[in-house]
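Colleague: I am attaching a structure below and will ask some questions about it afterwards.
The values are calculated or read from the model by the stated rules, or taken from the named source; none is laboratory data. As the structure is a computational prediction, the values presented were derived from the model and not from experiment. Here the Cβ is made from the backbone with ideal geometry for all residues, glycine too, and neighbour counts use every protein chain on show. For the accessible areas, the whole protein counts, side chains as well, though only heavy atoms, and no ligand, DNA or RNA atoms are used. Shrake-Rupley method; radii C 1.70, N 1.55, O 1.52, S 1.80 Å.
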Amino acid sequence: MSQPYRFLPSLDEEKLHAIQLEGLRWTVRHAYEGSPRYRAKLRAAGVVPDDIVHLDDVRRLPFTTVADLRDDYPLPLLSVPEKEVVRIHASSGTTGKRKILAYTQRDVDTFALQMARCYELAGLTQEDRVQIAVGYGLWTAGAGFQLGCERFGALTVPVGPGNLEMQLQLLTDLGVTCLCSTASMALLMAEEVERHGLRGDIRLRKVIFGAEAHSAKMRRTFEEKLGLEGSFDIAGMTEMYGPGTGLECEAHDGIHYWADLFLVEILDPETLQPVEPGEVGEMVVTSLRKEASPLIRYRTRDLTRLIPGTCSCGRNIPRHDHILGRSDDMIIFRGVNIYPGQIADVLHLFPEVGSEYHIELTRKEGRDHMLLKVERQPGAATGDERTLGVAIGNELHRKLMARVSVAVVAPGELPRSFAKSKRVTDLRMVEG
């Protein structure tokens, strides 16, 4: 595209590959020399830094997993002297030891850069006012959105999650034009704006959302209720600085990711071999300039695919598909492998129901049972919920080859969340 950008990269394939090779060689040497754990892993794989001469040599490198982060706690994979660490962030997990990642000042600067790129790609300007409604503290989200917003130059409204009264007041009084939140929080805000009759009092134009799976229906609902020009799905992970590893553009055809900051491989999660171009597999990432806690072939467990060709927006920035699920969040139900996103896709076919749903798995007398609760769409006719539930159940059986009991409940009956919605409750081990 002819438009100059302040933050977005514009690299032809040859120049990008040169940057990636230089970054890969630097990362392997930096990790080998700075981290005893990486040095041991690389030696065990029979690799030394000088062996990396082509991009394809990434396949010679050993994988890094969550176990490496937890076993090396509290500052895993640290590859710089501790005196160079200026910050830590941790995952939002609540079981076991948290995944803590260290940051040098250069890492913080790169974090700000990747987030500033996202704001630019979403079409924001320095005239925008950005309300940040995600978690602060150890979690990377709030800090990342704020860092990037300040680097980008827009006005930042750092509210954090929760406190709906304050959210609505600032949204209205400050003329906020962009909301940054989870999809669940965006839906909750949209419902509250509608309930309080504030649609005509807000200036909100865009929502940047992420951190959880969402359905097309859920997205359309908060877009319509808030009267948005558009919304943008953001990618990210604590291990790769935090949010902002990529974003949708206005074409909404996949996630543009920053290939000059990290390499992406898509592998079969069982064989760990590359899948065919365009096929779905597990995303494996290697950082190219991360100093404190570099990543070498880190298994994200996220399922996606690389999208070939150039986006219709015209930008020569590589794309991967939206995160389709995790290789470790699969539900095994009566021998059938099911991802929650597949259920959301079926619900999208029924305009009578909304986007909120919850799955409950139980086991009685040695047999698994699945109950799906889904809300009736506000304004939809009542009185025929049982027939509608049967129709949804039949479609789920046709698409997933699994028998699911469906209960259609009233709008607003399912719990709402400021953060990630809990979609699945598995009671089988408790009751089994």
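Colleague: Only one residue in E282, E250 is open to solvent by 20 Å² or more (accessible area, probe 1.4 Å) and among the charged types (D, E, K, R). Which one?
Modeller: E250
Colleague: Sticking with this structure for a sec: Is it true that some residue in the stretch 66-83 is in contact with a Gly (Cβ under 9 Å, 6 or more places away or on another chain), of a type in the set (K, R) and touching a residue at least 60 places away in the same chain (Cβ under 8 Å)?
Modeller: no
Colleague: Looking at (1) touching an Asp or Glu at 6+ places or on another chain (Cβ under 9 Å); (2) in the same structural domain as E13 (by the TED database); (3) surrounded by fewer than 17 Cβ atoms within 10 Å (Cβ to Cβ), which is the one condition that is false for R319?
Modeller: (3)
Colleague: Restricting attention to the stretch 98-110, does a residue exist that is over 30 Å from A186 (Cβ atoms), of a type outside the set (S, T, Y) and buried (at least 16 other Cβ atoms within 10 Å of the Cβ)?
Modeller: The answer is yes; a qualifying residue exists.
Colleague: Still on this structure, please answer the following. Tell me which residues, restricted to the stretch 56-83, are open to solvent by 80 Å² or more (accessible area, probe 1.4 Å) and acidic (D, E).
Modeller: Residues satisfying the conditions are D56, D71, E82.
Colleague: Here's another thing I want to ask about it. In the stretch 226-259, what count of residues is obtained for those that are part of a helix (DSSP H, G or I) and either within 20 Å of V130 (Cβ to Cβ) or not assigned by the TED database to the domain that holds T304 (or both)?
Modeller: Matching residues across the stretch 226-259 total 1.
Colleague: Yes or no: R205 in contact with a Cys (Cβ under 9 Å, 6 or more places away or on another chain), surrounded by fewer than 22 Cβ atoms within 10 Å (Cβ to Cβ) and not hydrophobic (A, V, I, L, M, F, W, C)?
Modeller: Yes; evaluated as a whole, the condition is true for this residue.
Colleague: From (1) part of a loop (DSSP other than H, G, I, E, B); (2) touching an Asp or Glu at 6+ places or on another chain (Cβ under 8 Å); (3) among the hydrophobic types (A, V, I, L, M, F, W, C), pick out the condition that doesn't hold for V176.
Modeller: (2)
Colleague: Right, something else. Can you tell me which residue is farthest from G144 (Cα to Cα) among those in the stretch 191-220 that are in a loop (DSSP other than H, G, I, E, B) and either of a type outside the set (G, A, S) or in contact with a Pro (Cβ under 6 Å, 6 or more places away or on another chain) (or both)?
Modeller: H196
Colleague: Among the residues of the stretch 331-340, is there at least one that is in contact with a strand residue (DSSP E or B) (Cβ under 6 Å, 6 or more places away or on another chain), assigned to a loop (DSSP other than H, G, I, E, B) and farther than 26 Å from S231 by Cα?
Modeller: Yes.
Colleague: Give the residue that is farthest from L427 (Cα to Cα), with candidates limited to residues of the stretch 367-403 that are in contact (Cβ under 8 Å) with a residue 60 or more places away in the chain and open to solvent by less than 70 Å² (accessible area, probe 1.4 Å).
Modeller: This residue is L400.
Colleague: Being open to solvent by 40 Å² or more (accessible area, probe 1.4 Å) and either at positive phi or small (G, A, S) (or both), is that true of even one residue in the stretch 141-159?
Modeller: No: the stretch 141-159 contains no residue that is open to solvent by 40 Å² or more (accessible area, probe 1.4 Å) and either at positive phi or small (G, A, S) (or both).
Condition check ((1) open to solvent by less than 50 Å² (accessible area, probe 1.4 Å); (2) touching a helix residue (DSSP H, G or I) at 6+ places or on another chain (Cβ under 7 Å); (3) within 19 Å of A259 (Cβ to Cβ); (4) β-branched (V, I, T)) across all residues:
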| position | (1), (2), (3), (4) |
| --- | --- |
| Q20 | yes, yes, yes, no |
| L24 | yes, yes, yes, no |
| E33 | no, no, no, no |
| R39 | no, yes, no, no |
| P49 | yes, yes, no, no |
| I52 | yes, yes, yes, yes |
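Colleague: Now for a different question. Quick check on the stretch 123-138. Is at least one of its residues under 23 Å from S10 (Cβ atoms), among the hydroxyl-bearing types (S, T, Y), assigned by the TED database to the domain that holds R299 and touching a residue at least 24 places away in the same chain (Cβ under 8 Å)?
Modeller: Yes, there is a match, as at least one residue in the stretch 123-138 is under 23 Å from S10 (Cβ atoms), among the hydroxyl-bearing types (S, T, Y), assigned by the TED database to the domain that holds R299 and touching a residue at least 24 places away in the same chain (Cβ under 8 Å).
Colleague: Looking at E223 and the list (1) surrounded by 22 or more Cβ atoms within 10 Å (Cβ to Cβ); (2) part of a helix (DSSP H, G or I), which single condition is not satisfied?
Modeller: (1)
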